[in-house]
Structure formats: C-alpha cells, structure tokens
1. Which condition number does ALA197 fail, the rest of (1) surrounded by 17 or more Cβ atoms within 10 Å (Cβ to Cβ); (2) among the hydrophobic types (A, V, I, L, M, F, W, C); (3) within 13 Å of the chain's Cα centre (by Cα); (4) part of a helix (DSSP H, G or I) being met?
2. Taking the conditions exactly as written (closer than 26 Å to ARG13 by Cα and assigned to a strand (DSSP E or B)), does TRP91 satisfy them or not?
3. Hey, does the range 216-227 have a residue that's part of a loop (DSSP other than H, G, I, E, B) and among the acidic types (Asp, Glu)?
4. If GLU205 meets every condition in (1) open to solvent by less than 40 Å² (accessible area, probe 1.4 Å); (2) not in a loop (DSSP other than H, G, I, E, B) apart from one, which number is that one?
5. Check the range 149-165 and report whether any residue there is touching a Ser or Thr at 6+ places or on another chain (Cβ under 6 Å) and either farther than 30 Å from GLY189 by Cβ or of a type in the set (A, V, I, L, M) (or both).
6. Pairs, please: C-beta under 6 Å, at least 6 apart or cross-chain, first residue without any contact (Cβ under 8 Å) to a residue 60 or more places away in the chain and in the range 32-57, second assigned to a helix (DSSP H, G or I) and open to solvent by 100 Å² or more (accessible area, probe 1.4 Å)?
7. Within the range 170-184, restricting attention to residues that are open to solvent by 50 Å² or more (accessible area, probe 1.4 Å) and within 16 Å of the chain's Cα centre (by Cα), which residue is nearest to CYS134 (Cα to Cα)?
Amino acid sequence: MQRDMSNIMPPERSPRVIFLGMQGNFSLPSLHALLKQNIEVCAVVVPAPQVPGRESLAIRRQERPRLSRSVLPLLDASIVELAWRQNIPVWEVQHLSDVGTISTLAACEADAICVACFSHRIPPAILELPRFGCLNVHPSLLPTNHGPVPLFWTFREGDEQTGITIHLMDEGIDSGDILAQEPVHVPDGISYAQLEARCAVRGGELLARTVWDLYRGLARRVPQEETKSSYHPFPAADDFVVHVSEWSARHVYNFICGVVHWGGPVKVDVGGERFQVRGATSYSHMNTKNTIEETGHTLWVQCRKGWVRVVTTPHG
C-alpha cells in the first residue's frame, strides 16, 4: 500500500505511535528515544507469555504490579517497566490477526506503529491501521542481511561494518521501502551484546527522527534493490564451526569474540580435528611453518592468513 508522504502539513500535536517490542535489550533504547523526542506512545505491545496447559487470550491488558513508585526499580530494565513508569498501557498479544486485537489497536488512533524486535509476524490488517504505516528497526544495512539475527551473520561474514535501517513494513521479511539508514562500525574484539547495544541505541535515535520526518512530510521512501538482497535464517550448529584454512586470523578472532557467549558452542576445525573454544585472546598477521601450537588450554592456530590465539574448553 503506497502512501504519498510529500504533502503532509505538520499538525500541532506530537506524533502518536503504538510500540511493539520485547523484554530483551534491543527494544528498550527505541522506546526511550521515542519518549525523549516528545513522541506520544499510546500503547506498548509485547508477546504474551506461553503458559503450558492454559489458552491465552488474543490480547489482554497487563496489570501494573501493586507496588509503590519507590519500590519500582530506579533504572528501567525493560520496556514494560518503562511503560509503567510513564503510565502507558501495556498489552500482551497472542494473536495479532484476531478481530479483538485489531479493534483494540485501531482504537488507539495511532499515526504510526513502531517495531523494535518483535517475535510475531505482523498481518496486513495491522500494517494498514496507521496512516504512516509500520516502521521497523533492523540492525543491518538493508537490503543485505534480511532475517531474524543479522548481527550473527555480520560476524560470520567478517564484515567491518554493519548498520541500522528504518524501513516501512510490508508482508515480506524486512523488505519494505527504506526511510533512513546509518552505518555502524564493527571494531576488533567486540561481542555480540556490545554490538547489539550500539545498534539499539543508534536505531532508537534514528527511529525517533524518522517518525518526526514522516509527521512533518520530510521523509522519502527508497525501494530496496532486489539484486543486492541477501537473507539468512537462524544459524545452525555448522554455522558455529570455523574452518581456519578458509578465514583470515582477524576474521576468526572477531567471529569467536562476537558469538562465543551468544550461541554455539563455537568450534575451530584444524585439518579435520575440531576444538571447542571459549574465547580468543589475540591474533597476528604473520605466518609461520607450523599449523598449531598448544600450551595447556591455549592454542595458536594458523589460519589462511596469520595466526589466532584461542582458549579451548577443559575437555576440548
């Protein structure tokens, strides 16, 4: 559904949005940024918890705990805690396509829906509710790295740069028109959690700015180039195996530092022998004659280019 955004005069009130997110670390900075930029968040929507043996309602309002304000945490650890502090209603949703869910969200009369990490597929009936559509925060420079965990593939592919994209959502997977993008550098040795945090903060700032641009008629839609598109699913066990003869030492070092505490287990394959690793401590661009040197649980492993020093598990 195409929307003409070039001739919309800025109204007097602030933009009004519904926010869809989860309790993880990626969603919170976006909600913070929206509120900081005086954007009215009329509802926060989170996935309903799965309770074995009990059927969940399609949507229900989450009750705030009966605690005094002083008992609540001083720092908001989740979007739900931040919503409670700001007196924003929180809705738990099980079925987005249910008529009850659609009517509940429609009653908010939001200008836009903002999404920052949400586990449910959003149906067309929800995508078409707000006049400006649904905006998603995606941690890659689309159209590269479509899919659920693009940062894993940033490490897997040895990229020195990733980024944040704010795009309009359609029925595809991360395939809607791009509204804004910013690159994010990937320094040596950064972990998945650290890179995700950087992307989350930058993504929140970019999201809030984009909402205001839409509201003021300043945003421009850029269709994604299908010829440059790439998609990756959730990684399988083999995706955590590093064949050192195919990668540079820098690539091996950054992959291990990036994902060893995120998923795994991570293993290095050296001439057909596999070692499970729990970290990488350094790398060198220099090559020597030997393939592997072992000291206790520390290995210097020769790669396609250079050496990397890894720490194996005690049973490795």
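1. Status for ALA197: all satisfied but (1).
2. Spelling it out, TRP91 is indeed closer than 26 Å to ARG13 by Cα and assigned to a strand (DSSP E or B).
3. Within the range 216-227, the first condition is being part of a loop (DSSP other than H, G, I, E, B), and the residues that meet it are 216-221, 223-225.
Subset that is among the acidic types (Asp, Glu): 225.
Looking for residues that are part of a loop (DSSP other than H, G, I, E, B) and among the acidic types (Asp, Glu), one finds at least one in the range 216-227, hence yes.
4. (1)
5. No, every residue in the range 149-165 fails to be touching a Ser or Thr at 6+ places or on another chain (Cβ under 6 Å) and either farther than 30 Å from GLY189 by Cβ or of a type in the set (A, V, I, L, M) (or both).
6. Taking only residues 6 or more apart or on different chains, not a single pair turns up.
7. Only one residue tops the list, namely ILE173.
Okay, residues lined up against (1) open to solvent by 20 Å² or more (accessible area, probe 1.4 Å); (2) modelled with pLDDT of 95 or more; (3) of a type in the set (Gly, Ala, Ser):
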position	(1), (2), (3)
ILE88	no, yes, no
HIS95	yes, no, no
ALA107	yes, yes, yes
GLU128	yes, yes, no
CYS134	no, yes, no
VAL137	no, yes, no
PRO150	no, yes, no
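The values are calculated or read from the model by the stated rules, or taken from the named source; none is laboratory data. Predicted model only: the values in this text are computed from it and were never measured. So basically every Cβ, Gly included, is an ideal-geometry build from the backbone, and we count neighbours across all protein chains shown. Areas reflect the complete protein model, heavy atoms only, side chains present, ligands, DNA and RNA absent. Shrake-Rupley method; radii C 1.70, N 1.55, O 1.52, S 1.80 Å.
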